[in-house]
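The values are calculated or read from the model by the stated rules, or taken from the named source; none is laboratory data. It should be emphasised that the depicted structure is a prediction, and the values quoted were computed from it without experimental measurement. Positions of Cβ are backbone-derived with ideal geometry, glycine not excepted, and every protein chain shown enters the neighbour counts. These accessible areas exclude ligands, DNA and RNA; they are computed on the full protein's heavy atoms, side chains included. Shrake-Rupley method; radii C 1.70, N 1.55, O 1.52, S 1.80 Å.
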Amino acid sequence: MIEVYSVESELKTVETEMNKEMQFNSSTLDDLLNLPMNNLDRYMSPALVLSVSCMTGKISKTILSLATVFQYVFLAHHIHKLITDEDMSEHSRQFPVLTGDFMFGQTLKKVCQEDIFPYAGQFVKLIKTINEGILMRWRYKNKRIPFQEYNMILGNERASLTALAVKLSAKLSGIPQTYIDKLENFGYCIGMAWAASEEPACASILQENLSRAEENLAQIRDYLPIKPLQELMEFLYAEIERNKKAGTGVLQ
């Protein structure tokens, strides 16, 4: 189980709520997805939302809903990325398409809640940005992706999501605007590092963004209780190392 102690019980609440919302007959979220997912896939997006809010000392129902929204967005794109041209029949394509679309439907339902709805436009922009990253990746199908393009793709596909997760959590938690930019940048670096850990060609991007995330924490440590974010960093390091040993990471 995830070891981000400040928000562990709330992460379980998010997972339980999603299982309730996702039931088809007796199916749970895991039954429906049937995806190979590591702990970063399962927990990183909601953990970012919860950890930022935890710095204020209280995690509200709105924050729990926000954490769920970001996990739905992550899962929708994670599932849609399963669709490839290779070795996929029309039937095998239908499942990830329909399941991913259902995740987007759940996202819309959650975003329509009163406390989150003012940020609906930002979620629309986020989904557009992620799709732009996916399209960029498709343009380089069967080609070597230039290093600079890799930065843009990872930024669009993953870091845009984690940056917005941190930004909105900070806003809804009442963190002063003075610190929100630093926190948003922290979230962006976390997303870049997380995404780069999955790409064999991106070891330098991984290390650079881990360092930048640490620098952002150092700049706010005298003004905010950053322990929850430090725990999140420890979780990220541990899971990247775990995935590396399992043959799915690139940490060096």
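GluC sites (Glu not before Pro), restricted to segment 146-252: which are DSSP loop and have at most 16 other Cβ atoms within 10 Å?
When the GluC sites (Glu not before Pro) of segment 146-252 are filtered for loop state and at most 16 Cβ neighbours within 10 Å, nothing remains.
Mind scanning Lys58/Lys167; Lys20/Lys109; Lys110/Lys167; Lys12/Lys125; Lys109/Lys141 and naming the pairs with a C-alpha gap bigger than 22 Å?
On the way: Lys58/Lys167 17 Å; Lys20/Lys109 14 Å; Lys110/Lys167 18 Å; Lys12/Lys125 29 Å; Lys109/Lys141 34 Å.
Long pairs (Cα-Cα over 22 Å): Lys12/Lys125; Lys109/Lys141.
Between Lys109 and Lys20, what is 0.36 nm times their sequence separation minus the Cα-Cα distance? Round to one decimal in nm. The partial results should precede the final answer.
Numbers: separation 89, 0.36 × 89 = 32.04 nm, distance 1.41 nm.
Extra length available between Lys109 and Lys20 comes to 30.6 nm.
Identify all lysines with a Cα-Cα distance to Lys245 below 25 Å; exclude those on the same chain that are fewer than 8 residues away in sequence.
Lys81
Quick check for you: with a 1.4 Å probe and neighbouring chains kept, what is the accessible area per residue of segment 106-166, in Å²? Provide the component values of the computation, followed by the final result.
Working: 3390 Å² over 61 residues.
It amounts to 56 Å² per residue over segment 106-166.
Figure the gain on full extension for Lys61 and Ser211 (residue separation times 0.36 nm, minus the Cα-Cα span) and round it to one decimal in nm. Intermediate results must be reported in sequence, preceding the final value.
On the way: separation 150, 0.36 × 150 = 54.00 nm, distance 3.26 nm.
So the extension gain works out to 50.7 nm.
Show me the trypsin sites (Lys or Arg not before Pro) within segment 129-158 that DSSP assigns to loop and that have at most 16 other Cβ atoms within 10 Å of their Cβ. Spell out each step's value before the answer.
Working: sites: Arg137, Arg139, Lys141, Lys143, Arg144, Arg158; in loops: Lys141, Lys143, Arg144.
Of the trypsin sites (Lys or Arg not before Pro), the ones in loops of segment 129-158 whose Cβ has at most 16 other Cβ atoms within 10 Å are Lys141, Lys143, Arg144.
With the crude spin-label approximation of a point 7 Å out along Cα→Cβ, what separation in nm comes out for Lys245 versus Arg144?
Label-label distance for Lys245 and Arg144, simple model: 3.4 nm.
Of Asp222, Asp41, Asp115, which has the most accessible area with a 1.4 Å probe, and how do the rest follow in descending order? Spell out each step's value before the answer.
Working: Asp222 130, Asp41 10, Asp115 85 Å².
Listed by decreasing accessible area, they come as Asp222, Asp115, Asp41.
Compare Val124, Val4 by solvent-accessible area with a 1.4 Å probe and give them largest first, with all protein chains kept in place. Walk me through the intermediate numbers first.
On the way: Val124 100, Val4 0 Å².
Greatest to least solvent exposure: Val124, Val4.
Can you pull out the chymotrypsin sites (Phe, Trp or Tyr not before Pro) in segment 137-199 that DSSP calls coil and that have at most 13 other Cβ atoms within 10 Å?
Numbers: sites: Trp138, Tyr140, Phe147, Tyr150, Tyr179, Phe186, Tyr188, Trp194; in loops: Tyr140.
Qualifying residues, ordered by number: Tyr140.
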